[in-house]
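This report refers to the structure that appears directly beneath it.
Coordinate-derived values only; no laboratory data. What you see is a predicted model, and the numbers here were worked out from it, not measured in a lab. Here the Cβ is made from the backbone with ideal geometry for all residues, glycine too, and neighbour counts use every protein chain on show.
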Amino acid sequence: SENYMLADKHKIEKEQNAQLRNQVAQLLQLEQEQKMQIQQRDSTIKTLQAKINSIESQRNEALHSSEVRSTIRSEPMPAVSSVLRTTGDGMDSSAVSKKLEEELKKRDALIERLHEENEKLFDRLTEKASSVSSPQLSSPLSKGSVNVQPRDMARNDNNNKGLPVDVAPLPLSADKTEGTVALVKSSSEKIKTTPAGEYLTAALNDFNPEQYDNLAVISDGANKLLMLVLAAVIKAGASREHEILAEIRDAVFAFIRKMEPTRVMDTMLVSRVRILYIRSLLARSPELQSIMVSPVECFLEKSNTGRSRSSSRGSSPARSPVHYVDEKIQGFKINLKPEKKSKLSSVVLRMRGIDQDTWRHQVTGGKLREIQEEAKSFATGNKALAALFVHTPAGELQRQIRSWLAENFEFLSVTGDDASGGTTGQLELLSTAIMDGWMAGLGGAVPPSTDALGQLLSEYAKRVYNSQLQHLKDIAGTLATEDAEDASQVSKLRSALESVDHRRRKVLQQMRSDVALLTLEEGGSPIRNPSTAAEDARLASLISLDGILNQVKDAVRQSSVNTLSRSKKKAMLTSLDELAERMPSLLDIDHPCAQRQIADARRMVE
């Protein structure tokens, strides 16, 4: 009886989790639509602001020209006309300002609605997590609710998947390097702590599946934690999304890796969390934004017919055109056949008392479940498909799948009128089944490796690290070839090279402690650490040159202040000769500067 009760409870909780996931998906879609409206209003506001600036500049020019003419010619008419023109411009400016205020009010209203939806979603999730708990599980979710500060900024549109990243501009190239590296593995001094981040970090780290014997309880707790992570990111908003992701990054990755052997996590939730981190990295890493992915047609294939014909509707303005196709990609075979209508089958169903529509729905539902399971199996460990998901907005990807289905299975449009929902309904169901299956498969681990999205994140993190190391090497290489004319230039050049070397060591230290890289399977592509022997040699030469120039500077100062005796002068000339003997410790590029400075000092001493 206890087993029956636990099974019923597990079934109820699974249904509740499914409802929550549906609510999250619906709210994400609603949020995306609102963000599109906000983006349109932002564009209108920018246009109006540009018009205001233009009017202001015209008015200033008119005022200036009227003052000049009235001063030189002392004629009243130009001044009067300029005043009239200014008045007219003022009227236009006030009208534009009024319209601008109206647009701003509309945008603020949309933003406020978005905030309210996020608040409601987060409250529902935290309330569910704290109220639905079993006696066997002292879940960390019941220790308290996440306290996230409300946000005041709008979320900018990044893609149709939802949860985009608001990219803040960085002023200097060196700062860009440090900021992008911080995305991959944020250093401890840069992470901002929040109540929500601290709670989630503690909950993720403290969750120990070995404390519980019931897999259903472990699954329930793990999935609720993943949903809380998603809800916390939604609540944080674009202005703080990157901060909350960076704060809980290590805890999230360690939690997923820890729970993978138990196979109790909802892999679709794992995929959503992974995609958040990959898209956050993409948004701030130019070296990743230029990656070309194969089109969706390469991942779909009609059963028993080989490659399908390429859909002319596969590309869209929403993403960059694809110029190549990876021939190694194995397509997902879809086996759909037109429904055969038979009078005999209708008679048999009628004799058994089975409604034909009900029977058709049962068959269709079974086929959809079969396709979804096959899609999940196809997506498991498929890094090429993971890249397609990450680089293509979800709405756009599902539209491309629908287009491919409509073009390759023409009978759908023939039998669509008889099916519930029509052709559009059938295509929508099929494309959704494929999308859900792929999403679930991409979050499934492939022992001893992690899931496909996790592997892709590791590869992208390595690519960013490699790019940053190469970027720092290029900067150091450029600095190492610059000539130094005097002591101040030597000091600046030395300081710049030391700064670049410090950044490089910092990146290497971050790489060694990065959880995303530590969880890579054996045999993963190593991170290339470009050789910096030439740059290090120039830095050592500059350090030696700096010491020589400081001693030369002391000799020059003494010779200019005091009257030198013969013995003192001889001693100073001897010390300058000794400095000249240290020239072999310098690179050839630094010899002219040292020789020139020593020669000038010798002339002053003599």
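Taking amide H atoms as placed 1.01 Å from N in the peptide plane, list the residues 5 or more away in sequence, or in a different chain, whose amide H sits under 5 Å from that of Thr450.
So Thr450 has HN proximity to Glu521.
Given a Förster distance of 35 Å, report the FRET efficiency between Gln23 and Glu373 from their Cβ-Cβ distance, rounded to the nearest 0.05.
Working: r = 24 Å, r/R0 = 0.70.
With a Förster radius of 35 Å, E is 0.90.
Given a Förster distance of 41 Å, report the FRET efficiency between Asp8 and Ser513 from their Cβ-Cβ distance, rounded to the nearest 0.05.
0.35
Which FRET efficiency value, to the nearest 0.05, is calculated for Asn529 and Lys46 with the Förster distance at 41 angstrom and r the Cβ-Cβ distance? Present the calculation step by step, with values, prior to reporting the outcome.
Values: r = 44 Å, r/R0 = 1.07.
Once rounded, the FRET efficiency stands at 0.40.
Once every Cα of the range 424-469 carries one equal point scatterer and solvent is ignored, give the base-10 log of I(q)/I(0) from the Debye formula at q = 0.15, 0.21 Å⁻¹, two decimals.
-0.56, -0.73
Apply the Karplus parameterisation 6.51 cos²θ - 1.76 cosθ + 1.60, with θ equal to phi minus 60°, to every residue of the range 228-233 and state each ³J(HN,Hα) to the nearest whole Hz, in sequence, with x for glycine and proline.
Once θ is set to phi - 60°, the couplings for the range 228-233 become 5, 4, 4, 5, 5, 5 Hz.
If you average 1/r over all unlike Cα pairs in the range 452-510 and invert the result, what Kirkwood radius do you get in angstrom? Kindly include the intermediate steps, with their values, before the conclusion.
Numbers: mean 1/r = 0.0767 Å⁻¹.
It works out to 13.0 Å.
Return the distance in nm (one decimal) between the two label points of a simple spin-label model at His502 and Asp486, each offset 7 Å from Cα along Cα→Cβ.
Each label point lies 7 Å from its Cα, and together they span 2.6 nm.
Hey, rough spin-label estimate for Ser290 and Leu336, points 7 angstrom out along Cα→Cβ, what's it come to in nanometres?
It is 3.9 nm.
Hey, can you grab everything whose amide H is under 5 Å from the amide H of Ile334? Only 5+ residues off in sequence or another chain; H modelled, so Pro and N-termini drop out.
For Ile334, the qualifying residues are Glu301, Lys302, Ser303.
Working out 0.36 nm times the residue gap between Glu581 and Arg596, then minus their Cα-Cα distance, what length gain in nm do you get to one decimal? Can you show the working numbers first?
Values: separation 15, 0.36 × 15 = 5.40 nm, distance 1.41 nm.
In short, 4.0 nm is gained.
Can you give the convex hull volume per residue for the Cα atoms of the range 455-605, as a whole number of Å³? If you can, show how the numbers build up before the last one.
Numbers: hull volume 16.9 nm³, N = 151.
About 112 Å³ per residue, rounded to a whole number.
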